[in-house]
Amino acid sequence: MRTVATRAHGPRALATFAAGFCAAFLGLTAIATAPPARAYWSDSQTVSAGTITAGTVPAPELDCQGISIGRTTFTWTAVPDVTAYEFHHGPDGASADLLPASTTSATRSGLVETGDAWVNARRDFGQVTWASAPSGTASYAVYLLALGLCQAPGDYVPGPWPYPGSP
């Protein structure tokens, strides 16, 4: 007599389905939350006659307070002749706000927000708008509208104790 295998429809099948669903969800989440790509380029061209002028957009310098109450405020140096600033914030700087040229600060607050921040200067050269290289990246966190923490680019962060050369 021959036995025919049947498919199980009990708790084991449900567990297998749930595990497969979770694996697929986590795989899609990893793809969807990849950090944004930042690429800057330059172009060259040979000129045989005439006058060439080069346009540049200097990068602003970003700064922030180390500890504050209920928010984190970022400030940056003004860049001459810009038309706007692009302020990136949130996890991996994935969110961006386009701010007027007269603005040289931005504030983040909320119940809980953590992330990285940087700013680009944008300048209109007639038919094309150029963006500067990004400022340094600051890491920040705001907790329960009560505490804001920020580590500005270039801030000194001490290493583990004992420090090299200490007794």
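Observations
- In the set Val112, Val79, Val119, only one residue is aliphatic (A, V, I, L, M), modelled with pLDDT under 90 and on the phi < 0 side of the Ramachandran plot; that residue is Val112.
- Among the candidates Asp116, Asp92, Asp97, residue that is in contact (Cβ under 8 Å) with a residue 40 or more places away in the chain, charged (D, E, K, R) and either assigned to a strand (DSSP E or B) or surrounded by 13 or more Cβ atoms within 10 Å (Cβ to Cβ) (or both): Asp92
- Within segment 132-153, being surrounded by 17 or more Cβ atoms within 10 Å (Cβ to Cβ), in contact with a Phe, Trp or Tyr (Cβ under 9 Å, 6 or more places away or on another chain) and part of a strand (DSSP E or B) holds for Ala138, Tyr140, Gly148, Cys150.
- Close pairs from segment 43-58: first at pLDDT 70 or above, partner in a loop (DSSP other than H, G, I, E, B) and β-branched (Val, Ile, Thr), Cβ under 8 Å, at least 6 apart: Val57/Val79; Val57/Val82; Pro58/Val79
The values are calculated or read from the model by the stated rules, or taken from the named source; none is laboratory data. Nothing here was measured: the structure is a model prediction, and the numbers come from that model. Heads up, the Cβs are rebuilt from the backbone with ideal geometry, glycines too, and the neighbour counts pull from every protein chain shown.
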